[in-house]
1. Given the -39500 (n - 2.57) contribution per DSSP H run of 4+ residues, what per-residue ellipticity at 222 nm results for the chain, rounded to the nearest 500 deg cm²/dmol?
2. What full-extension length gain, to one decimal in nm, is calculated for D96 and A36 as 0.36 nm per residue of separation minus the Cα-Cα distance?
3. Please report Rg over Rh for the chain, where both radii come from the alpha carbon positions and Rh follows the Kirkwood definition.
4. For S39, S137, what's the largest-to-smallest order of accessible area, 1.4 Å probe?
5. Which residue fluctuates most in the GNM of the chain (Cα springs below 10 Å): G76, G88, G109?
6. Give me the accessible area per residue for the chain, probe 1.4 Å, as a whole number in Å².
7. Only bridges with both residues in region 21-166 count here: give the DSSP antiparallel percent, nearest 5.
8. Out of all Cα-Cα pairs in region 86-166, roughly what percent, to the nearest whole number, are more than 23 Å apart?
Amino acid sequence: MGARKKGTGGRGTPATVALEAAGVPFTVHAYVHDPAAASYGGEAAEALGTAPERVLKTLVAEVDGALAVGVVPVAGQLDLKALAAALGGRRAAMADPAAAERATGYVRGGISPLGQRRRLPTVVDAGALGHATVYVSAGRRGLEVELAPQDLVALTGAVTAPIGRA
């Protein structure tokens with residue numbers, strides 16, 4: 001799996017630029033995004049022809065009033081109590097979408113855990129480590145990046161914990 005920009009239109013996103021700068025192997029996968037799709041993550045898993053457990057969604061929450069990121073499989077949900085506990089906090093709630101977009105520099109449905117405008121505390125669901133590679137948004141709807149989950153954790157400075165639920 002070598003670094004490629006195929007499908008980015010020759011321009012990198014902040015996520016792919018961060019991966020290239022770090023020298024991490026990754027593959028970009030592009031697909032035609034349907035604005036009417038019920039679930040961005042479900043659409044990505046189907047378009048990529050891969051198990052939804054390997055496609056991760058990036059969700060921005062507030063933990064004790066500060067923004068944080070939870071990265072969980074698209075087939076499940078973010079357990080807010082588990083996210084708060086993983087970050088040493090007491091309470092968590094989903095962040096206002098506009099605040100998430102401002103902090104990350106990405107639009108909803110295309111928020112990547114990589115290359116964010118402001119690096120937020122991040123927790124990756126521990127189940128991701130059971131896969132050779134996982135997919136996360138490359139920073140735009142219809143664009144995913146495939147990489148080793150250990151590289152995702154290292155590049156985001158994430159902790160891992162069981163924060164996803166079915």
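The values are calculated or read from the model by the stated rules, or taken from the named source; none is laboratory data. Because the structure is predicted, anything quoted here is derived from the model rather than measured. Ideal geometry is used to build each Cβ from the backbone, glycine not excepted, and the neighbour counts take in all protein chains shown. For the accessible areas, the whole protein counts, side chains as well, though only heavy atoms, and no ligand, DNA or RNA atoms are used. Shrake-Rupley method; radii C 1.70, N 1.55, O 1.52, S 1.80 Å.
1. Working: 5 runs with 41 residues, N = 166.
The helix-only estimate for the chain comes to -6500 deg cm²/dmol at 222 nm.
2. On the way: separation 60, 0.36 × 60 = 21.60 nm, distance 2.17 nm.
Gain on stretching D96 to A36: 19.4 nm.
3. Details: Rg = 14.4 Å, Rh = 15.5 Å.
Value, to two decimals: 0.93.
4. Working: S39 55, S137 10 Å².
The most accessible residue leads, giving S39, S137.
5. Checking each option, the largest mean-square fluctuation is seen for G88.
6. Working: 7850 Å² over 166 residues.
Accessible area per residue, the chain: 47 Å².
7. On the way: 22 of 29 bridges.
The antiparallel fraction comes to roughly 75 percent.
8. On the way: 643 of 3240 pairs.
Of all Cα-Cα pairs in region 86-166, 20 percent lie more than 23 Å apart.
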